[in-house]
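Below you'll find the structure, written out as structure tokens, and then a few comments.
The values are calculated or read from the model by the stated rules, or taken from the named source; none is laboratory data. Because the structure is a prediction, the values reported are computed rather than measured. Counting neighbours? That spans all protein chains shown, and the Cβs are built from the backbone with ideal geometry, glycine included. Quick note on the areas: whole protein, heavy atoms, side chains included, nothing else; ligands and nucleic acids left out. Shrake-Rupley method; radii C 1.70, N 1.55, O 1.52, S 1.80 Å.
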Amino acid sequence: MHRRITRRDFLNGVAISSGALAASKLSAASGGTDPEQAADYYPPVLTGMRGDHDEIYKVPHSLRDHDFWQNTGTSIDTGESYDLVVVGGGISGLAAAHFYRQAAGHSSRILILENHDDFGGHAKRNEFHQTGRMLLGYGGTFSIESPQPYSTVAKSLIDELGIDVSSTERVFDRKLYPTLGLSPSVFFCKETFGRDVLVVEPRPDWYADPAPKRTADERWKIFFAAAPIAEAAKRDLRRLYEEKKDYYPGLSSEDKKARLARISYAKFLTEIAGAHPDVVKYFQARPYSLFGLGIDAVAAQDAWGLGFPGFDGMNLDPNPGRGQNRDAIRTEEGERYFYHFPDGNSSIARLLVRSLIPEAVRGKNALDILNARTDFALLDKKNCPTRIRLNSTAVRVRHLGDPASATAVEIAYVRMGKLQTVRASKCILACWHMMIPYICSELPQLQKTALASAAKVPLVYTNVLLRNWTSFQKLGVSSIYAPGSFHSEVNLDLPVSVGSYKCPRRPEESIVVHMQRVPTKPGLPSREQHRAGRIELFNTSFETFERNIRDQLARTLSPGGFDAARDIAAITVNRWPHGYAYEYNSLWDPFWLEGGPLPCVAARQPFGRIAIANSDAGAYAYTDGAIDQGYRAVQELIARG
Ligand SMILES: Cc1cc2nc3c(=O)[nH]c(=O)nc-3n(C[C@H](O)[C@H](O)[C@H](O)COP(=O)(O)OP(=O)(O)OC[C@H]3O[C@@H](n4cnc5c(N)ncnc54)[C@H](O)[C@@H]3O)c2cc1C
């Protein structure tokens, strides 16, 4: 499978769609103590600012700022007692509940606490309704994909949920966009490159015509005639792709890799390969979708692993080098194991919830899951062994007595402004690691430090519902790489039809366009870039997003007849200040390059009756990682008895 298939390659003022209308009714109903019981409680249709939406931050930030407890009254004991409480209803927490029930029996009493208004964590469903038709978007986790092969545990879970990964070739119409004459393109914006220019990419790839009508020379010629970059940069760009030069002659492959692991790809391009600085501007945003960083902060060795140009003549041994980032170590088996639901891995979350609470997500298989509507009112029913309590932020988790001998854990959480407690025999923290030190003060200090080092990678997945995509067709583009623009990727939805859900096939139909923004601060170390990006996302209003989306789409697509006011039907901005799990990087994490204990291992140690899951626990930002960590946490608790 070609790389471009995966994520790694890559209104308020808006006319209200029927989905958005339902959303505005939902917020009116949300004032009660149990908003999920309202008949119109249905978060997937909410538009505007989603992802980590505004409501979830107040309590965690107050804990971080150490003013939560002084402003909070006494807690209310719900009197509820469970075998297991899971904090965090993302894939890791849901999978942990699933594995626990498998091991301890279906009658085990399990409570999942989740601070968002929906379950799934990053695996978020965006649902649009337009002229009687439902169109889905992925608000976060895009697909089943992983650079490394899925483990036996993760694969078995995918099989058990009935997902036929091998059916990708049947459900994904790979030829649709090429048949319509659409190709991947680049948008050079005037702020970064001096002029707004949209031009088809010179290199054919998986999205492009499998039998290109133009030769490579012709494609480069067209690209260079339009691209607003220096003449020297044009020569360098093609040279990097086509020349076979060894920039470190006389060194062994190992020694070359050792050097490449210590230099950024940006520096490699300019200082080693002698490329013009415009080449750096062109490549800057290429690793965004994997690293949440530009090429200033990604090692040249990782760029080599990802297949970026410049290394063909260096005779590098194909095995991973020391300190290579896990995302940059591709395996054939990993590449082959790919499946995309139109709402992303939210369908995995929904299938897990169906297995835990069948009446809440009705249906029988992974083909009908897309059209299955979650009944949120049934997620937290008294007589049901597994319950999911949304809008509930855990604020304190402690053993009742000495952790070495205690028989119970008390979990305090805030729901609709009230502090409440439940008890459990065991607890799994499947939430973000950086938050755990604030809610579990009894952990050893070294473990807390390790947990706090799990910096999340901020990013934004924006879904724009367009009334038609005729402008894309007129311009002959299917996906747009936009280095320097507010959103660095603009893609027509992946044409996937599952069960009775059919993707749009005609340009006159409505479609979801997916855009990606990664906030970075080039020049800073990775964790500092992520921190600055998080702050930026917190301080960017929906109105600013909306203005930039309209402006970018208009400037890119208006030569094809696009009119933002007429063609945009709805916008959902999925903001993830706490996005990907941080993956170690040879430029910034000496222990990863030189060897040494990994913080994620110290962070995930069980403590008494508490175990720790989440993709942070493996420092691996993939669904299989989240599942594996949920499984491990359950095994640790079961082994404890
Ligand atoms: C935009 C985006 C795209 C991605 N795309 C892919 C992809 O295509 N393929 C892939 O394999 N992976 C992808 N990932 C990685 C993704 O993070 C993992 O696949 C996986 O979904 C992570 O699950 P998790 O349960 O570990 O964490 P999360 O999804 O973050 O779930 C943890 C949950 O715990 C909640 N929580 C935190 N603190 C508390 C508290 N105190 N009380 C209650 N709840 C709390 C959080 O709000 C969250 O809902 C993507 C991630 C992002 C952000």
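Among the residues of the stretch 62-74, what is the count of those that are within 15 Å of the ligand (Cβ to nearest atom), under 14 Å from Tyr413 (Cα atoms), open to solvent by 30 Å² or more (accessible area, probe 1.4 Å) and of a type outside the set (Phe, Trp, Tyr)?
1
Of all residues in the stretch 315-343, how many are assigned to a helix (DSSP H, G or I) and farther than 30 Å from Ala372 by Cα?
5
Specify which of the listed residues (Ser488, Ser441) is buried (at least 19 other Cβ atoms within 10 Å of the Cβ) and among the small types (Gly, Ala, Ser).
Unique residue meeting the criteria: Ser488.
State yes or no: is Ala406 within 26 Å of the chain's Cα centre (by Cα), modelled with pLDDT of 95 or more and in a loop (DSSP other than H, G, I, E, B)? Working first, answer last.
Numbers: within 26 Å of the chain's Cα centre (by Cα): no; modelled with pLDDT of 95 or more: yes; in a loop (DSSP other than H, G, I, E, B): yes.
Considered against the rule, which asks whether it is within 26 Å of the chain's Cα centre (by Cα), modelled with pLDDT of 95 or more and in a loop (DSSP other than H, G, I, E, B), Ala406 comes out as no.
Can we say Thr623 is away from the ligand (no atom under 15 Å from the Cβ), farther than 30 Å from Asp255 by Cα and not hydrophobic (A, V, I, L, M, F, W, C)?
For Thr623, the condition - away from the ligand (no atom under 15 Å from the Cβ), farther than 30 Å from Asp255 by Cα and not hydrophobic (A, V, I, L, M, F, W, C) - is not met.
Report, by residue number, each residue of the stretch 600-615 that is more than 20 Å from Ser346 (Cβ to Cβ), crowded, with 24+ Cβ neighbours inside 10 Å and not β-branched (Val, Ile, Thr).
Cys600, Ala603, Arg604, Ala611 - these are the residues of the stretch 600-615 that are more than 20 Å from Ser346 (Cβ to Cβ), crowded, with 24+ Cβ neighbours inside 10 Å and not β-branched (Val, Ile, Thr).
Working only within the stretch 78-88, note down all residues that are open to solvent by less than 10 Å² (accessible area, probe 1.4 Å) and more than 10 Å from the ligand (Cβ to nearest atom).
Matches in the stretch 78-88: Tyr82, Leu84, Val85.
Which count do you get for residues in the stretch 607-626 that are touching a Ser or Thr at 6+ places or on another chain (Cβ under 6 Å), under 15 Å from Leu429 (Cα atoms) and assigned to a loop (DSSP other than H, G, I, E, B)?
So the count comes out to 2.
Give Ile411, Ile388, Ile436, Ile428 a once-over and let me know the one that is within 14 Å of the ligand (Cβ to nearest atom), buried (at least 23 other Cβ atoms within 10 Å of the Cβ), farther than 27 Å from Gly344 by Cβ and modelled with pLDDT of 95 or more.
Answer to the selection: Ile411.
Look through the stretch 330-385, keep the residues that are at pLDDT below 95 and under 19 Å from the mean Cα position of the chain (by Cα), and return whichever of them is surrounded by the fewest Cβ atoms within 10 Å (Cβ to Cβ).
Here the residue is Arg330.
Among the residues of the stretch 247-289, what is the count of those that are basic (Lys, Arg) and open to solvent by 40 Å² or more (accessible area, probe 1.4 Å)?
Number satisfying all stated conditions: 4.
Taking the criterion of being under 24 Å from Thr331 (Cα atoms) and either touching a helix residue (DSSP H, G or I) at 6+ places or on another chain (Cβ under 8 Å) or in a helix (DSSP H, G or I) (or both), would at least one residue in the stretch 274-282 satisfy it?
Checking the stretch 274-282: not a single residue is under 24 Å from Thr331 (Cα atoms) and either touching a helix residue (DSSP H, G or I) at 6+ places or on another chain (Cβ under 8 Å) or in a helix (DSSP H, G or I) (or both).
Would you check if there is a residue in the stretch 471-487 being within 15 Å of the ligand (Cβ to nearest atom) and modelled with pLDDT of 95 or more?
Initially, the stretch 471-487 is screened for residues within 15 Å of the ligand (Cβ to nearest atom), giving 487.
Subset that is modelled with pLDDT of 95 or more: 487.
Within the stretch 471-487, one or more residues are within 15 Å of the ligand (Cβ to nearest atom) and modelled with pLDDT of 95 or more.
Any residue in the stretch 45-58 that's closer than 14 Å to Asn126 by Cβ and more than 11 Å from the ligand (Cβ to nearest atom): show its pairings with residues that are assigned to a strand (DSSP E or B) and open to solvent by 10 Å² or more (accessible area, probe 1.4 Å) at Cβ separation under 8 Å, as long as the two are six or more apart or on different chains.
Partner pairs satisfying both residue conditions: Val45/His129.
Can you spot a residue in the stretch 592-606 that is in contact with a strand residue (DSSP E or B) (Cβ under 8 Å, 6 or more places away or on another chain) and within 12 Å of the ligand (Cβ to nearest atom)? Can you show your working first?
Looking only at the stretch 592-606, we keep the residues that are in contact with a strand residue (DSSP E or B) (Cβ under 8 Å, 6 or more places away or on another chain), and these are 603-606.
The next check asks that each one be within 12 Å of the ligand (Cβ to nearest atom); those that pass are 604.
There is at least one residue in the stretch 592-606 that is in contact with a strand residue (DSSP E or B) (Cβ under 8 Å, 6 or more places away or on another chain) and within 12 Å of the ligand (Cβ to nearest atom).
Can you tell me which residue is surrounded by the fewest Cβ atoms within 10 Å (Cβ to Cβ) among those in the stretch 97-122 that are more than 9 Å from the ligand (Cβ to nearest atom) and of a type in the set (Gly, Ala, Ser)?
Once the filter is applied, the top-ranked residue is Ser107.
So in the stretch 155-171, with the set limited to residues that are out of contact with any strand residue (DSSP E or B) (no Cβ under 9 Å at 6 or more places or on another chain) and assigned to a helix (DSSP H, G or I), which one is most open to solvent (accessible area, probe 1.4 Å)? Explain how you work it out, then say what you get.
In the first step, residues of the stretch 155-171 are kept if they are out of contact with any strand residue (DSSP E or B) (no Cβ under 9 Å at 6 or more places or on another chain); the result is 155-157, 159-162, 169-170.
From what is left, the residues that are assigned to a helix (DSSP H, G or I) are 155-157, 159-160, 169-170.
Numbers: Lys155: 61, Ser156: 56, Leu157: 2, Asp159: 99, Glu160: 101, Glu169: 106, Arg170: 175 Å².
Top of the filtered list is Arg170.
With respect to Ile91, determine if the residue is open to solvent by 10 Å² or more (accessible area, probe 1.4 Å) and within 16 Å of the ligand (Cβ to nearest atom).
Yes, satisfied.
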